[in-house]
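Student: Here's a structure for you.
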Amino acid sequence: MTAQIIATTRLPGNALPLHAVWPDLLYVLSLLPPEAARTVAEPREGPAGTVQWRTSAPGVPRELAELPVPERGEAMRVMGLRADELSALAASLAFDPAPRTRAAAALLSRLAASLAAAAAGAPVQEKIFVVGGVPILAAWRLPRTFEAEASAGLPQAAPQGVQGPRQPAAGLPLAAAPAGGAAAGPGYLRAGLAALGAFLAALLLFYLLTPVFRAARGAAPSAAEAPDLAREAELRSELAGLKEDYLSSLTACRPDKPQPPEEAPPELPDPPGEPFLPPPSAGDAPLAMEAAPPPEPEKPPEPEKPPEPKAAPEPKKDPAAKPSAKPAAKPPAKPAESPQKKGGGLRIPPGAKDVSFMKGCWRSDAGIVDTYGNPLYYYYCFDSNGNASIRVEITDRRTRKPLDTCTTTGRASLSGGGVTIQDNGARCQKGKGFNRARVICRPGKSVASCVLKNESGPQLDTKFTYMG
């Protein structure tokens, strides 16, 4: 198939010609499947010092930023998959014995890092085109370490009229190509260290960005992944219920607080009195201090108390007589306790007749992100009749600070033994907005399992958390 030109750029005068290193990179890309190999555009020398970027993918080329949101999300998901494949191949060739293969692997690792960053919504220097649903990386540049490798392993352009060294065939392994005399020496060592540094930097960048573009990739699941996601949501709901039951059992089995030991009452000193003297032994003269105490005076006899008068017997009550005093008022009935627990999931009472059990505020986390990878959280506050005020917060994916707040109203109703929550479409303070969304919750073993369906998006599992 004839290659088509998707972009034209100007090459700086002091840079290594990109088309001179393309055969080495093309050999490395040939080790990938055809769809993954098309991810990198081919540079060709154009007129007046320009570079023409070509691809064999059929279709009309369009820049990634110009695509509609659904197509852009699918393209970013595919870019994340291609970045994984390119990075894995670059890692496997990082210690290849051929210096030119290592240089091409280092360049491929840098291109994989740029592709991963673009898949996560971060700005990159390269240009991203989508041709027939295939994301293509164009206008890429060579790192400085690759230009150092060129002085050791890559052939230089020969002067006019002088035949340069023969290039290896595109289909032959690079290890079999002659490396030249400059490959063994200080330049070879510098080139190897530079390639190793580039590989480690790309590996670190890939490790840091993996959670971000995997989250963006999960925002648009395919139809084949829907059953697995439903099963995963069911298992997560069951796990949350088991965890809540376990915490409740720990609270019930917590031992009582040990009581401090009772202290013995302090001993009181003996009352002051005469000093105790031992009795004299037989034959000893009595001491002067042991004079006989004076006799105690006799107490006069106590007068007899007159007998107390007996109380008159109470009159018998007539059972037919009506009581004059009013009966004590009954205490007011306690309001029914809510089945929800703060910090726990949604519990739908069996046989519920209304949605009064939804009263309070809830947080919904469906793992939704915007086109830049920033997470969205829904907050619902219901009254006893199911009327809700809804707030959507967009937070920064790095600092977790709020970026924008959107508000709307909604209503909860019983449906098929579960609960359906319908909102009226949110409007944001900075001018954006969201289409109407519906949340459907079904009773589970412990807590309900819920899904969120947007009018213009896929169906996602969401978790409702009671906030009080």
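The values are calculated or read from the model by the stated rules, or taken from the named source; none is laboratory data. Since the model is a prediction, treat every value here as computed from it, not as a measurement. A quick note on method: Cβ atoms are made from the backbone with ideal geometry, for glycine too, and the neighbour counts reach across all protein chains shown.
This table checks each residue for (1) surrounded by 15 or more Cβ atoms within 10 Å (Cβ to Cβ); (2) modelled with pLDDT under 70; (3) in a helix (DSSP H, G or I).
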{"position": "Leu200", "(1), (2), (3)": "no, no, yes"}
{"position": "Phe206", "(1), (2), (3)": "yes, no, yes"}
{"position": "Leu209", "(1), (2), (3)": "yes, yes, yes"}
{"position": "Val212", "(1), (2), (3)": "yes, yes, yes"}
{"position": "Ala216", "(1), (2), (3)": "yes, yes, yes"}
{"position": "Ser222", "(1), (2), (3)": "no, yes, no"}
{"position": "Ala233", "(1), (2), (3)": "yes, no, yes"}
{"position": "Leu239", "(1), (2), (3)": "no, no, yes"}
{"position": "Leu247", "(1), (2), (3)": "no, yes, yes"}
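Student: Still on this structure: Do we find a residue being farther than 19 Å from Arg397 by Cβ and surrounded by fewer than 19 Cβ atoms within 10 Å (Cβ to Cβ) anywhere in the stretch 360-369?
Tutor: Within the stretch 360-369, one or more residues are farther than 19 Å from Arg397 by Cβ and surrounded by fewer than 19 Cβ atoms within 10 Å (Cβ to Cβ).
Student: Here's another thing I want to ask about it. Would you check if there is a residue in the stretch 396-409 being within 27 Å of Glu232 (Cβ to Cβ) and in a strand (DSSP E or B)?
Tutor: No, because not a single residue in the stretch 396-409 is within 27 Å of Glu232 (Cβ to Cβ) and in a strand (DSSP E or B).
Student: Please determine, by comparing only the residues of the stretch 58-75 that are among the hydrophobic types (A, V, I, L, M, F, W, C) and either surrounded by fewer than 17 Cβ atoms within 10 Å (Cβ to Cβ) or modelled with pLDDT under 90 (or both), which one is nearest to Thr371 (Cα to Cα).
Tutor: Val69
Student: Pull out all pairs, ordered by first then second residue, where Cβ-Cβ is under 7 Å, the residues are six or more apart or on different chains, the first lies in the stretch 454-468 and is touching a residue at least 40 places away in the same chain (Cβ under 8 Å), and the second is among the β-branched types (Val, Ile, Thr).
Tutor: Gln459/Val451; Leu460/Ile368; Leu460/Val451; Asp461/Val451; Thr462/Val439; Thr462/Val451
Student: Separate question: Considering each of Thr420, Thr462, Thr408 in turn, give the residue that is outside the structural domain of Val69 (by TED's automatic domain parsing), among the polar types (S, T, N, Q) and over 25 Å from Thr371 (Cβ atoms).
Tutor: Values: Thr462 fails: over 25 Å from Thr371 (Cβ atoms); Thr408 fails: over 25 Å from Thr371 (Cβ atoms).
Every option except Thr420 fails the conditions.
Student: Say we look at the stretch 421-468 and pick out the residues that are among the small types (Gly, Ala, Ser) and assigned to a strand (DSSP E or B); which of these is farthest from Ser237 (Cα to Cα)?
Tutor: It comes out as Gly433.
Student: Going by the structure shown, is Ile390 of a type in the set (Val, Ile, Thr), surrounded by 13 or more Cβ atoms within 10 Å (Cβ to Cβ) and closer than 27 Å to Glu244 by Cβ?
Tutor: yes
Student: From the list Arg347, Arg397, which one is of a type outside the set (Phe, Trp, Tyr), touching a Pro at 6+ places or on another chain (Cβ under 6 Å) and in contact (Cβ under 8 Å) with a residue 12 or more places away in the chain?
Tutor: One residue alone meets the criteria, Arg347.
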